[in-house]
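The values are calculated or read from the model by the stated rules, or taken from the named source; none is laboratory data. On a predicted model such as this, the values are computed, not experimentally measured, just so you know. Virtual Cβ from ideal backbone geometry, glycine too; neighbours counted across all protein chains shown. In case anyone asks, the SASA skips ligands and DNA or RNA and just uses the protein heavy atoms, side chains included. Shrake-Rupley method; radii C 1.70, N 1.55, O 1.52, S 1.80 Å.
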Amino acid sequence: MSSAELRKKFLDFFKKRGHKIAPSSSLIPDDPSVLLTTAGMQQFKKYYTEPSLAPAPNVASVQKCFRTSDIDEVGDESHLTFFEMLGNFSFGGYFKEKAIKYAKEFLESIGLKIDYVTVLNEKGDIEPDKESEEIWRRLGIKDIRKAGREDNFWGPTGAEGPCGPTTEIYINGVEIWNIVFNEYYKKPDGSFEKLKTPGVDTGMGLERLAMVSQGKKNIFETDLFAQYFELLPKELPEKIKRIIVDHSRAITFLINDGVRPLNKEAGYVLRRLIRRVMAIETTHNLKSHIFDSLLHDMAHSYGDFYPELLRKSNNIQDEIQKERAKFGKSLDKGIQEMKKDIQALDEKRAFDLYQTYGLPFEVIKDVVGGLRGSELNRNKFEEEIKKHQKISRAGVEKKFGGHGLLLDTGELKAKDEEELKKVIRLHTATHLLQAALRKVLGDGVKQAGSDITAERIRFDFTYDRKLTDEEIKKIEGLVNLAISKKYQVEMKEISYEEALKAGALHFFKEKYPENVKVYSVGDFRADPPEIFSRELCGGPHVKNTSEIGQFKILKQEAIGSGARRLRAIVMS
Ligand code: SER
């Protein structure tokens, strides 16, 4: 069965059984506990704790997913960075009996037979999943294997959240479907609490399903990939071909969802993928048009199911061109430098090459490959990065006078009371600036970083072109209008979930605590209240915008592709 048919059959099957079909959410998640969307359940996560908010009790989707954790495995038979996940979900609609029955029925409806299943066998703070075992037995499955929580327990995606036992389905020795029963809520202290309404979250990789359905030995032989291999020179090693094809597909979807090559977070994941393909081009003498044709063909053939790829396919080529212009020269120099003394190339030297030439770890590892006695270790490389960050942070603190700072949140820095007062005014102005940017340029604008000293605001955000003078004027005007309206600044401590519901902007962070501070700026006495800005933030802020003074944007700059920097000041 073709992959297009498999997607369709899956959605039709669940639609017929009372599921609402949800479109895939973006690879950039709303959920700050992860950098990129890693599972179908992410866009529905909040419904497991608040089923009443769900648009329907049962939903099904085909979700675009990305797993950074598998990057080193790409090239083997079944690992990918980007993949598509088929999933059915329930938030109080049905539970184990139906979920298991549906899975078996669906697989049979497309002519597949289950080899064996696994269920959770665990004692202690969570219970063994006897119920699932019993259901499988009743449905005639004889080979039921048991495993502990390392294998048969899923979630939460952050420090806390819904989670529970899983039962996994295997066909031809490959795990193809993971069914999660969200029965628990894991609290930040590590303890489990039973959820009021247990839920279902299932995930089946489309690539693996296509592999068993099409009788192929590995995912790359399926119709999802096979055509792209034909664009690559025959003599290229198989592993390299797989890396190029996987990365090209991931790059296509990441750029399409608005990720841009940057030096941090999701942007850095993308940059690493692009640079790795570029390095392969150099070391294997590949013409650049091959990569360009791959991206072009992928956007077009995946565009049948993901029409957003057709609407913005030019962006993809543009971003690659920009990254080529930026990295091309230093890539050649870096590779030459790297080859000078491969035997002495340890993780520290790898870090120097990364610092000087922008070579990502994978690129160095690919080139060094078998040429050295021992493999380079990713963890050790990352330790080098951390060490360096500590040293540069110390440098910043020294610049601030060396007596330590009165305030240093990473974002805000002030060395005495006087600076502190100014920094607070600038900080509230930064919230107004972000709100104004979104009002003028659209909600696609996301904060990418900020740095506030007593002298100025430096604010980075995602946007893919230079702002016109008129736009700058408008943004500045909106901020000054908010100041002249003498808006109140109100802080509320609420749960993280509630904050997101209230539409508070947030900046990606590893994890947020259960309760967060939300700062809103507006006229709360108006009916209905007029809200100019709302953000998750630690403070401190002024009480009223009239304290800020006049706001002025001094300068805009490009910082890497897809992101811009504004510098602004306030005057009394
Ligand atoms: N969340 C589970 C997974 O990603 C099932 O969808 O495997």
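Restricted to Cα atoms, the stretch 73-130 shows a radius of gyration and a Dmax of 15.5, 40 angstrom.
When the accessible area of the chain is computed with all protein chains present and a 1.4 Å probe, what percentage of it is carbon and sulfur?
49 percent
Dipole magnitude for the chain: about 1100 debye, using +1 per Lys or Arg Cβ and -1 per Asp or Glu Cβ, origin at the Cα centre. Taking 25 Å as the straight-line reach from the Cα of residue 473, the lysines in range (excluding those fewer than 8 positions away in the same chain) are 422, 439, 446, 485, 486, 552, 555. Seen against the Cα atoms of the chain and their longest principal axis, helix 347-357 is set at about 60 degrees. For the pair residue 263 and residue 134, a Förster radius of 45 Å applied to the C-beta separation gives a FRET efficiency near 0.30, rounded to the nearest 0.05. Its Cα gyration tensor gives the stretch 208-348 an equivalent ellipsoid. The semi-axes, each the square root of 5 times an eigenvalue, are 27, 20, 14 Å from largest down. Note that the stretch 146-161 has calculated 3J(HN,Hα) couplings of 10, 9, x, 6, 5, 9, 10, 9, 10, x, x, 6, x, 6, 8, x Hz, one per residue in order, obtained from phi through the Karplus relation 6.51 cos²θ - 1.76 cosθ + 1.60 (θ = phi - 60°); glycine and proline are x. Values of log10 I(q)/I(0) for the chain across q = 0.06, 0.09, 0.13 Å⁻¹ run -0.36, -0.81, -1.45, by the Debye formula with one identical scatterer at each alpha carbon and no solvent. With coordinates expressed along the principal axes, the C-alpha atoms belonging to the stretch 310-367 extend over 48, 18, 16 Å, beginning with the largest. Applying a DSSP loop filter and a limit of 10 other Cβ atoms within 10 Å to the trypsin sites (Lys or Arg not before Pro) in the stretch 140-182 leaves 142. Once the convex hull of all Cα atoms in the stretch 1-122 is built, its volume per residue stands at 155 Å³. Available extension along the chain between residue 387 and residue 192 is 66.7 nm, counting 0.36 nm per residue and deducting the alpha carbon span.
Cross-link pairs exceeding 31 Å between alpha carbons, from the set 234/365; 329/365; 312/517; 264/466; 101/196; 64/98: 312/517. With respect to the chain, whose longest principal axis is taken over its alpha-carbon atoms, helix 3-16 is tilted by about 90°. Where does the stretch 141-297 land on the Kirkwood hydrodynamic radius, alpha-carbon pairs, in angstrom? Mean inverse Cα-Cα distance, inverted, gives 18.7 Å. In the stretch 301-362, taking the dipole from charged Cβ atoms about the Cα centre, the farthest positive-side position among 345, 360, 335 is held by 335.
When each of the peptides 465-474, 436-445 is scored by how many other beta carbons lie within 10 Å of its residues on average, the order from highest to lowest is 436-445, 465-474. Helical runs (DSSP H, four residues minimum) scored at -39500 (n - 2.57) apiece and divided by the length of the chain put the mean residue ellipticity at 222 nm at -12500 deg cm²/dmol. Semi-axis lengths, largest first, of the ellipsoid equivalent to the stretch 127-178 are 22, 14, 9 Å, with √(5λ) applied to each eigenvalue of the Cα gyration tensor. In degrees from 0 to 90, rounded to the nearest 10, what is the angle of the helix 313-340 Cα long axis to the longest principal axis of the chain? The angle comes out near 90 degrees. Of the residues 487, 463, ranked by 1.4 Å probe accessible area with the largest first, the sequence reads 463, 487.
For the stretch 516-527, backbone phi angles converted through the Karplus equation (6.51, -1.76, 1.60; θ = phi - 60°) give residue-by-residue couplings of 10, 9, 10, 9, 10, 10, x, 10, 7, 8, 5, 10 Hz, Gly and Pro being listed as x.
Would you please report the Å³ per residue occupied by the convex hull of the alpha carbon atoms in the stretch 219-277?
Given the Cα convex hull of the stretch 219-277, per-residue volume reads 87 Å³.
Over the stretch 461-572, what portion of Cα pair distances is larger than 20 Å, expressed as a whole percent? When every Cα pair of the stretch 461-572 is considered, 53 percent fall beyond 20 Å.
Rolling a 1.4 Å probe over the protein heavy atoms gives the chain an accessible area of 46 Å² per residue.
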